[in-house]
Each structure stands twice: as structure tokens, then as C-alpha cells.
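Colleague: The following block contains the structure, expressed as C-alpha cells.
The values are calculated or read from the model by the stated rules, or taken from the named source; none is laboratory data. Being a predicted model, the structure only gives us computed values, none of them experimental. Don't worry about glycine lacking a Cβ; one is built from the backbone with ideal geometry, like all the others, and counts go over all protein chains shown. For the accessible areas, the whole protein counts, side chains as well, though only heavy atoms, and no ligand, DNA or RNA atoms are used. Shrake-Rupley method; radii C 1.70, N 1.55, O 1.52, S 1.80 Å.
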Amino acid sequence: MKDQRLLMIPGPIEFDAEVLMEMGKPTVSHVAPDFIEVFGRAIEQMRELFQCHDGQPFIVAGTGTFSMDMACANLIEPGDSALIVSTGYFGDRMADILVRYGASVTQVRGPIGGVPDFDEIEKALNAENFKLMTITHVDTSTGVMNDVKSLSEIAKKYNVLVVVDGVCSVAGEELKMSEWGVDVAFTASQKAVGVPPGLALLVAGPKAIESFQKRKTPVQNYYGDWKNWLPIMENYEARKPSYFGTPAVNLVQALNLSLEQILAEGLDTRIKRHKRLSQAFKDGISGMGLKQVPMVEEYSAHTMTAPYYPEGIDPAQFLTGIKEEGIILAGGLHPDIKAKYFRIGHMGSVSFGDILRTVAAIEISLANNGYEFELGSGVSATIKSYNG
Ligand SMILES: *Cc1c(COP(=O)(O)O)cnc(C)c1O
């Protein structure tokens, strides 16, 4: 039988076949002229993806956590203050990293599934001289999406650098770095960018680079120090050979192709597709009577969904039932509600067929685990929503 397993978690995602073929090509030297051209193009395309015309892209082997690490290590000096707009697990991780580099950290958080109060954020900004404010665009532990545009506007009034964790949003949600005044944004290859795990992708705007250049103390992270990577990125973009640490050659080739695909689809079209598929999926979830972690639709991500289990469902048995239908979903991540909800990623090259199969599998597993509802109500709602 054909292996039809479908990976519907919030990263790694299902990858496009052409991108995977690109990865499988023979590895060339990191200073081969063809590869220099590919790396240079990938850097240029990163600027378009992040919509940051005057930003400096960094493409470095690592994961999303390394992107977070790199942003904090290069911007924070011991004694700096940082404000974290927290909507879950990844806000807490950001706090850990900032503290590690010597920052004093203030967190403003909302209830689980909600966003922090804007007035409270403004009050915090007013009370202390923060070097930077971090926002998790989509917190993958809750499916909550922050309003980055409005939050950046507030931060700009206080001359604070805005750092956006876009690991679950870039290439799936709208993010306009230059226009919105975002100073640093980053992601990882395996989420909506659609490339297997292994690349940390970050863009630093001019104010972030300036702040980095004005540092009085060395960056407390050797591998992530922008001083080491800036000349490398500049050289590749100028189509010149360069070396600091061997780039992940095959991943960079795959990234360049995936960025080409993303920009060929068009960012607006791509974001609309994510919205439409997300809505169809979420309507399916509601159609079978399930609630979601995000409290209001306005703050709900389009790259993923986080439904609560109905009363009496055993998470392990439910997920096993899903797997029997050939679909892989993720369990809960937020420590306070871990066993009460599950997570579905629907980003990148996701199709309506993937959405439909996933809704059907959820219905089947719920029914087999004793949930009483009208079988087919989810699928029906999904089709109506998609076609509406
Ligand atoms: C996945 C994710 C990360 C961490 O990325 P890794 O590649 O797993 O290190 C950080 N932030 C957010 C919002 C994420 O979704």
C-alpha cells in the first residue's frame, strides 16, 4: 500500500517534493560558484519574504531556538532590560534566553488563549527603559496570534527595539518588517518556509544592526556572533567566496528553491490561502462541537489550530486513532493545559485535500473514543466553509 502518512503538526511540516529533490542533489563545495549564486539569491529572497528592504538577512545552520538565541545574544548586554509580550511556551523560552545573556526581564502575559492587555504593555514601557520588546507572532503552544503591527506601534513610541519570533508565522501570516517597524524577525526552515529542519533564518533591520555595532561588550555566544556572520552574508550576496563555518549546503539549496516557490505564489496569495484553509479547518472543528484554545477569532493563528478535547477523551488513545488513519498530529505543549488539547499545523504547501483528510480522521478517532456527535458534521462544515 502507498505510504500516505500526512504530517500535520506545527513543524516539521509536509515538504514539497521538488524541495526534497533539491536537498537530495550531490553536495557541492560551499565556495563553488554555482553555490555562491544560490546562497546569494537566497539572501536576496529572504529580504522579500520578511518584507524588509533595508534589512540584513542571516541564514545559519541551527533551529528556531538558535534564531532566538542569536537575536538575544547580539542585542543584549549585561544589565539591559527586556520586555516580553508572552502568549505561551515560547515567550517563556525567550525569557530564559534573555536572562542567560544578563538581561533583566519583565513579562506581560494574558490568560491562556488570550493576548496581554495593550494598556498593561504601555504601562510597562512607560515605567522602565527597555532595550527591546519581544513578541511571539504565533505562539505554537496556544495558537494565539499577536497583533504585531499594533504592538510595534506602541513600542516605537518608547524607542524600544521590536523583536518578533516568527517561527510559526513567517511565510504563512502577514508580517511586514519595514512597514510595521519590526527591527528583528526570525523563523526556522521547517515551518511555513517549507524546508526540512536545520536552518535558522533571521533578518535584522538597520536599527538592530546599529545597536549591535554600538555594543561595549563582546557577544557572549561565539557561533551566533553577528560579527562572524555579517561578512559571510555580505560576501555571498556580493557573489564572493567566504568562510566562517561550513554552511548547510543542501539545506541552503532547498531554501533557495522554496523561497522561489513562495515568492512565485505571491505573499498575498499565500497568506490568503492560509487564511481560507485555516478557516475551513476551524469551521470543521467547531462543526463537530470542539472549542479552541485561542479565546477570540481575531487572535487566532492561520498556520495552526489548537482544539480542546471534548470531555472524557484520552489524549494518547485519540492520537493513536488519528495515526491509524495515516495522520500525525501533535499533543498539547503549554504546561498548564497539556493534556486538555491537541495541535494541528496547516502551513506551507498544505492543500484542501490535507485539511479534509485531517478533519475526517479527527471525526473518526473522536467517534471511536466515545464522543457523541453527528459523524460527518465536521467534514460538512469544512466543505461549506471552503466553498462559501
Ligand atoms: C517551533 C518554534 C520555535 C522553536 O523552533 P525550533 O526549530 O524547534 O528550535 C520557537 N518559536 C516558535 C513560535 C516556534 O513555533
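Colleague: In the range 134-157, which residues are away from the ligand (no atom under 16 Å from the Cβ) and crowded, with 24+ Cβ neighbours inside 10 Å?
Modeller: Residues of the range 134-157 that are away from the ligand (no atom under 16 Å from the Cβ), as a first pass: 149-150, 152-157.
Answer for the range 134-157, where residues must be away from the ligand (no atom under 16 Å from the Cβ) and crowded, with 24+ Cβ neighbours inside 10 Å: just 155.
Colleague: Separate question: Could you list, in sequence order, all residues of the range 11-28 that are more than 25 Å from residue 138 (Cα to Cα) and in contact (Cβ under 8 Å) with a residue 12 or more places away in the chain? Steps first, please.
Modeller: We begin by selecting, within the range 11-28, every residue more than 25 Å from residue 138 (Cα to Cα); these are 17-18, 20-28.
Passing the criteria: 18, 20, 22, 23, 24, 25, 27, 28.
Colleague: Let me ask you something else. For residue 149, are the conditions met, namely being touching a Lys or Arg at 6+ places or on another chain (Cβ under 9 Å) and of a type in the set (Lys, Arg)? Give the derivation first.
Modeller: Details: touching a Lys or Arg at 6+ places or on another chain (Cβ under 9 Å): yes; of a type in the set (Lys, Arg): yes.
Here the answer is yes, as residue 149 does meet what is asked.
Colleague: A follow-up question, please. Under the condition of being assigned to a loop (DSSP other than H, G, I, E, B) and either touching a residue at least 60 places away in the same chain (Cβ under 8 Å) or open to solvent by less than 10 Å² (accessible area, probe 1.4 Å) (or both), which residue from the range 104-129 is farthest from the ligand (Cβ to nearest atom)? Before you say what the answer is, go through the steps one by one.
Modeller: Keep residues of the range 104-129 that are assigned to a loop (DSSP other than H, G, I, E, B), which gives 110-117, 128-129.
From what's left, either touching a residue at least 60 places away in the same chain (Cβ under 8 Å) or open to solvent by less than 10 Å² (accessible area, probe 1.4 Å) (or both): 111-116.
Details: 111: 19, 112: 16, 113: 16, 114: 17, 115: 14, 116: 16 Å.
The residue in question is 111.
Colleague: Could you list, in sequence order, all residues of the range 165-183 that are more than 10 Å from the chain's Cα centre (by Cα) and within 23 Å of residue 11 (Cβ to Cβ)? Don't jump to the end; show me each part of the working.
Modeller: Kept after step one, since they are more than 10 Å from the chain's Cα centre (by Cα), are these residues of the range 165-183: 174-183.
Hits for the range 165-183 are 174, 175, 176, 177, 182.
Colleague: Here's a check for you: in the range 158-167, which residue that is within 14 Å of residue 139 (Cβ to Cβ) and hydrophobic (A, V, I, L, M, F, W, C) is nearest to the ligand (Cβ to nearest atom)? Before you say what the answer is, go through the steps one by one.
Modeller: Here is the first cut: in the range 158-167, the ones within 14 Å of residue 139 (Cβ to Cβ) are 164-167.
Applying the additional criterion that residues be hydrophobic (A, V, I, L, M, F, W, C) yields 164, 167.
Details: 164: 10, 167: 3 Å.
Going through the qualifying residues, I end up with 167.
Colleague: Shifting gears a bit: Across the range 168-188, which residue is nearest to the ligand (Cβ to nearest atom) among those that are assigned to a loop (DSSP other than H, G, I, E, B) and over 13 Å from residue 49 (Cα atoms)?
Modeller: Taking the range 168-188 first, the residues assigned to a loop (DSSP other than H, G, I, E, B) are 168-169, 171-172, 174-176, 181-183.
With the extra rule that they be over 13 Å from residue 49 (Cα atoms), the set shrinks to 168, 181-183.
Numbers: 168: 4, 181: 20, 182: 15, 183: 17 Å.
Restricting to residues being assigned to a loop (DSSP other than H, G, I, E, B) and over 13 Å from residue 49 (Cα atoms), the top hit is 168.
Colleague: Let me ask something additional. Which residue is nearest to the chain's Cα centre (by Cα), if the candidates are limited to the range 232-248 and must be of a type in the set (A, V, I, L, M, F, W, C) and not in a helix (DSSP H, G or I)?
Modeller: Just the residues of the range 232-248 that are of a type in the set (A, V, I, L, M, F, W, C), to begin with: 232-233, 238, 244, 248.
Retained after the next criterion (residues that are not in a helix (DSSP H, G or I)): 238, 244, 248.
Working: 238: 29, 244: 27, 248: 20 Å.
It comes out as 248.
Colleague: Within the range 83-96, is there a residue that is within 16 Å of the ligand (Cβ to nearest atom), of a type in the set (Asp, Glu), over 20 Å from residue 152 (Cα atoms) and in contact with a helix residue (DSSP H, G or I) (Cβ under 6 Å, 6 or more places away or on another chain)?
Modeller: Within the range 83-96 (the criterion being within 16 Å of the ligand (Cβ to nearest atom), of a type in the set (Asp, Glu), over 20 Å from residue 152 (Cα atoms) and in contact with a helix residue (DSSP H, G or I) (Cβ under 6 Å, 6 or more places away or on another chain)), the answer is no, since none of the residues qualifies.
Colleague: Quick one: would you say residue 387 is out of contact with any helix residue (DSSP H, G or I) (no Cβ under 6 Å at 6 or more places or on another chain) and surrounded by fewer than 19 Cβ atoms within 10 Å (Cβ to Cβ)? Don't jump to the end; show me each part of the working.
Modeller: Details: out of contact with any helix residue (DSSP H, G or I) (no Cβ under 6 Å at 6 or more places or on another chain): yes; surrounded by fewer than 19 Cβ atoms within 10 Å (Cβ to Cβ): yes.
Here the answer is yes, as residue 387 does meet what is asked.
Colleague: Restricting to the range 349-384, name every residue that is open to solvent by less than 40 Å² (accessible area, probe 1.4 Å) and acidic (Asp, Glu).
Modeller: 354, 363
Colleague: Which condition number does residue 205 fail, the rest of (1) closer than 20 Å to residue 97 by Cα; (2) touching a residue at least 40 places away in the same chain (Cβ under 8 Å) being met?
Modeller: (1) is the only condition that residue 205 fails.
Colleague: Within the range 189-231, how many residues turn out to be within 25 Å of residue 302 (Cα to Cα) and assigned to a loop (DSSP other than H, G, I, E, B)? Write out each step before concluding.
Modeller: At the first step, the residues of the range 189-231 found to be within 25 Å of residue 302 (Cα to Cα) are 189-204.
This time we only want the ones that are assigned to a loop (DSSP other than H, G, I, E, B), so: 189-198.
Here the count works out to 10.
Colleague: Additional query: What is the one condition in (1) surrounded by fewer than 18 Cβ atoms within 10 Å (Cβ to Cβ); (2) in contact (Cβ under 8 Å) with a residue 12 or more places away in the chain that residue 299 does not satisfy?
Modeller: Unmet condition: (1).
Colleague: State the number of residues belonging to the range 130-139 that are touching a residue at least 60 places away in the same chain (Cβ under 8 Å) and either more than 13 Å from residue 165 (Cα to Cα) or in a helix (DSSP H, G or I) (or both).
Modeller: Matching residues across the range 130-139 total 1.
Colleague: Quick one: is residue 82 assigned to a helix (DSSP H, G or I) and open to solvent by less than 10 Å² (accessible area, probe 1.4 Å)?
Modeller: On the way: assigned to a helix (DSSP H, G or I): no; open to solvent by less than 10 Å² (accessible area, probe 1.4 Å): yes.
Answer is no for this residue.
Colleague: Do we find a residue being farther than 19 Å from residue 192 by Cβ and open to solvent by 50 Å² or more (accessible area, probe 1.4 Å) anywhere in the range 244-261?
Modeller: Checked against the condition, which is being farther than 19 Å from residue 192 by Cβ and open to solvent by 50 Å² or more (accessible area, probe 1.4 Å), the range 244-261 yields at least one hit.
Quick grid of which residues meet (1) of a type in the set (A, V, I, L, M); (2) crowded, with 20+ Cβ neighbours inside 10 Å:
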residue	(1), (2)
303	no, yes
307	no, yes
310	no, no
344	yes, yes
347	yes, yes
